[in-house]
Amino acid sequence: MKAPQKDAPLRSTSPPGPRGFLQARGLVRSYGHTPALRGVTLDVREGEILAVTGPSGCGKSTLLHCLAGILRPDAGEVVYRDHRIDTASEGARAALRRTEFGVLFQFGQLVAELTAVENVALPLLLAGTGRREARTAALSWLDRLGVAELADQRPGEMSGGQQQRCAVARALVTEPRVLFCDEPTGSLDSLTGEQVLGHLVRLARDQRTTVLLVTHDPRVAGYADREIVLRDGVVDPTGLGAAAARA
Amino acid sequence: MSTPHVVMGLLASGPKHGYDLKRAHDVRLPRAKPLAFGQVYATLGRLLRDGLVVAAGQDRDGGPDRTAYTLTDSGLAALMTWMRTVEPPMPHLGGTLLTKVVVTLLVAGVDQARGFLAAQREAHVARLRELTAVKTDPEATLGDVIAADYGIAHLDADLRWLTTTLDRVADLHREVTAE
């Protein structure tokens, strides 16, 4: 494990046992009086690409945020390689996201004032990598995403697809063990989205990165090895979403 | 697939005999329904009868005589008309899937229909993954990608349709049983 315990150690679960790679156990999370997750249990296997699908409002983004340590669940456990994330300190969770986890959102959320290479190098700089080394790594990842020629351009000078490729490079530059993607191509036209997704999946497989891919689009889910469907905050074993609930 | 139009399309680039047509078909449309030699010759016979192709000579390549065919002007016109004609936008509504889902919902009830739909959905998702793997294979040709795109788009539509149809028919089932 790469050093998530830089700021504060993650608490080991007790008793230790034959656990999976990344697990959710009975996750519950509400926003005010509105429940988003109502007891989600799932195992994410190391190295797999897992799609989490379901209709809007089914809780899939909330699940991703809980698994990535961005949100704390109201109840339940998130266990990553035998360590509880949900009870870890803010510092430990932030360290985990800097080192072990990568996150990619629908809109790349690049820093507008920075160039592409500076954006991609940012996670490495935050993790303590030297400036020159970070820049070299960032350039290499931009090259792998086919946008090396944009290294010195700022996001405002790029198309949506180019920005999202830079965001993929930024998410992968730390070579995370797990990449969390929330509708990563949702803001792109279908061909551009496909190109971005193709790069993302190929590079993730090359790196043996585990990917959690939240999407409402079956065509995006088609890139995954496996799919789970959420419905009204729980895993729907039939995969039929709202239909099964209303029948 | 319209076999006569595919055969005429393959002849548009120059005369071919039956064996060449079969080979050209397999190369150009590798993921289409296989075309048997018998189908090629039967199709050529009909096109010949209708004046859409004519014999363009014979050759012998170590075997029996083989007749090559070429497209006539009216054949080319027919092909162009077909190419310009928009296909009906809902070609699958009479398909097996619709029939089975509808009959299951009406005859066997919601639970059985849900089971069938879950199994059908799984099969669709598995096929969608297969086609995605085909198009993301580094060795894939542009033809492979375009053929996979077509399949994926239809599977995507079917998947959405599977869910919403169950939604609607479950409501209908309640309405009918409440009477």
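All of the numbers you see were taken from the coordinates with simple rules; none came from a lab. Not measured: the values here are computed from a predicted model. With ideal geometry, Cβ positions are generated from the backbone for all residues, glycine too; neighbour counts draw on all protein chains shown.
A simple charge model with +1 on the Cβ of Lys and Arg, -1 on the Cβ of Asp and Glu and nothing else charged puts the dipole of the stretch A:165-228 at about 260 debye relative to its Cα centre. Working ranking of peptides A:207-218, A:24-35 by packing, defined as the average number of other Cβ atoms within 10 Å per residue, highest first, is A:207-218, A:24-35. Here is the list for the stretch B:1-81: trypsin sites (Lys or Arg not before Pro) lying in DSSP coil, each with at most 14 other C-beta atoms within 10 angstrom of its C-beta, are B:R31, B:R60. With the gyration tensor restricted to C-alpha atoms of the stretch B:3-84, the semi-axes of the equivalent ellipsoid amount to 19, 17, 10 Å, longest first.
Across chain A, C-alpha contacts under 8 Å between residues 6 or more apart give a mean separation that, scaled by the residue count, equals a relative contact order of 27 percent. Under a model in which nothing but the beta-carbon of Lys, Arg (+1) and Asp, Glu (-1) is charged, the stretch A:22-156 shows a dipole of about 240 debye around its Cα centre.
Counting, for every residue in B:147-156, the Cβ atoms of other protein chains within 10 Å of its Cβ and taking the mean gives 2. Here's how it looks for B:K16: its modeled amide H is under 5 Å from those of B:Y69, which are all 5 or more places away or on a different chain. Ratio of Rg to Rh for the stretch A:136-216: 0.94 [Cα atoms; Kirkwood radius as inverse mean 1/r over pairs].
Close amide H pairs (under 5 Å, H built 1.01 Å from N) link A:Q106 with A:D182, residues at least 5 positions away or on another chain. Charging the Cβ of each Asp and Glu at -1 and of each Lys and Arg at +1, and nothing else, the dipole of the stretch B:3-84 about its Cα centre rounds to 320 debye.
Among the GluC sites (Glu not before Pro) in the stretch A:86-192, those located in a DSSP loop and surrounded by at most 16 other Cβ atoms within 10 Å of their own Cβ are A:E113.
How much of the pair distance distribution for chain A lies past 34 Å, counting alpha-carbon pairs only, in percent? Value for chain A (Cα pairs over 34 Å): 15 percent.
Phi-derived couplings, Karplus 6.51 cos²θ - 1.76 cosθ + 1.60 at θ = phi - 60°, listed residue by residue for the stretch B:132-142: 5, 5, 4, 6, 9, 5, x, 8, 5, 7, 4 Hz, with x used for Gly and Pro.
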